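The values are calculated or read from the model by the stated rules, or taken from the named source; none is laboratory data. Bear in mind the structure is a predicted one, so any value in this text is a computation, not a measurement. Don't worry about glycine lacking a Cβ; one is built from the backbone with ideal geometry, like all the others, and counts go over all protein chains shown. Keep in mind that these areas ignore ligands, DNA and RNA; they rest on the heavy atoms of the full protein, side chains included. Shrake-Rupley method; radii C 1.70, N 1.55, O 1.52, S 1.80 Å.
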Amino acid sequence: DLRGAIAGDQFHLVFQPIVELASGAIHKAEALIRWQHPTRGLVNPAEFIPITEETGLIVAIGDWVFRQAARDAARWRAVYHPQFQVSVNVSPVQINNENTLSGWFEHLRELGLSGQSIVAEITEGLLMDASPSTARKLLEFRDEGIQVSIDDFGTGYSSLSYLNKFDIDYLKIDQSFVRNLAPASSDLALCEAIIVMAHKLGLKVIAEGVETEAQRGLLAVAGCDYGQGYLFSQPVPAGEFEKLLALKK
């Protein structure tokens, strides 16, 4: 079924805004894939993404995601904000495929897009197992101007030394730390520590899973740069996302 999903036009992207906490501006979004199966209906990504990685289909599907996200980024940079960025999730399988990145860079050039229009979201696990090849691929991102974000930061097992070793731009605080934020809580202390550390290293911080005004307020006071979560919007199709952008324009 997955092999025929691209040709069958069964995939679509939804976008979740990444909001600047200090101003409320929306100049960033995360692109997320959705699969509308013709008989099963909407399939949870948690069900099908692991299969795409095991079979290698993630390379073709991830390429489709990247190209669609780049086209949307080009439109939103032209209409809403010249520095608009779209984040796409990049798996180790994609990074290790020799043809992936060169095709992406060429696609950006065809669209007349700067690499700054895309942020590659990777996991700490990728950096734990970073081979010389992986390190070289991350350098290629930097050379093309594509920024790199560490997703679900704080839940992995890798040494923090990778923050110096690799050229990282954003840390995304995992929603497990945001969910129970309260004054004087240990979760708030951890968030504050991550934010201070990141800023001293020249990185920006995005908090995931922001669902309440109280969480937003605590993160803003702590100096967090961006928030992402249902407080602002659930992931929505491009047309609905553009309505959010129009309200903020």
All conditions in (1) in contact with a His (Cβ under 8 Å, 6 or more places away or on another chain); (2) free of Cβ contacts under 8 Å to residues at least 24 places away in the same chain are true of residue 221 except (1)
Quick one: would you say residue 139 is at pLDDT below 90 and under 30 Å from residue 78 (Cβ atoms)? yes
Subset of the stretch 109-137, residues more than 17 Å from residue 165 (Cβ to Cβ), touching a Gly at 6+ places or on another chain (Cβ under 9 Å) and open to solvent by 10 Å² or more (accessible area, probe 1.4 Å), comes to 114, 116
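Filtering the stretch 69-108 down to residues that are among the aromatic types (Phe, Trp, Tyr) and surrounded by fewer than 19 Cβ atoms within 10 Å (Cβ to Cβ), which residue is farthest from residue 58 (Cα to Cα)?
The extreme case among them is 80.
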Residue match in the stretch 169-181 (condition: surrounded by 14 or more Cβ atoms within 10 Å (Cβ to Cβ), hydroxyl-bearing (Ser, Thr, Tyr) and closer than 18 Å to residue 119 by Cα): yes
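Can you tell me which residue within the stretch 186-201, out of those that are of a type in the set (Val, Ile, Thr) and closer than 18 Å to residue 176 by Cα, is least open to solvent (accessible area, probe 1.4 Å)?
Taking the stretch 186-201 first, the residues of a type in the set (Val, Ile, Thr) are 194-196.
Now drop any that are not closer than 18 Å to residue 176 by Cα, which leaves 194-195.
Values: 194: 18, 195: 2 Å².
Of everything passing the filter in the stretch 186-201, 195 is least open to solvent (accessible area, probe 1.4 Å).
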Would you mind stating whether residue 169 is closer than 15 Å to residue 204 by Cα, touching an Asp or Glu at 6+ places or on another chain (Cβ under 8 Å) and acidic (Asp, Glu)? no
Take the residues of the stretch 144-167 that are among the hydrophobic types (A, V, I, L, M, F, W, C) and surrounded by fewer than 23 Cβ atoms within 10 Å (Cβ to Cβ): which is nearest to residue 114 (Cα to Cα)? 148
So which residues in the stretch 224-242 are surrounded by 13 or more Cβ atoms within 10 Å (Cβ to Cβ), not in a helix (DSSP H, G or I) and not hydrophobic (A, V, I, L, M, F, W, C), if there are any at all? 225, 226, 227, 228, 229, 233, 235
How do the pairs read when you match residues in the stretch 15-44 that are in contact (Cβ under 8 Å) with a residue 12 or more places away in the chain with residues anywhere that are of a type in the set (Lys, Arg), using Cβ under 6 Å and keeping only pairs 6 or more apart or on different chains? 18/28; 26/248
Among the strands (runs of 3 or more DSSP E) confined wholly to the stretch 121-223, which include 2 or more residues that are within 19 Å of the chain's Cα centre (by Cα), closer than 27 Å to residue 69 by Cβ and among the charged types (D, E, K, R)? 147-153, 204-208
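I need a count of the residues in the stretch 9-22 that are open to solvent by 40 Å² or more (accessible area, probe 1.4 Å) and part of a loop (DSSP other than H, G, I, E, B).
Going through the stretch 9-22 one residue at a time, the tally reaches 2.
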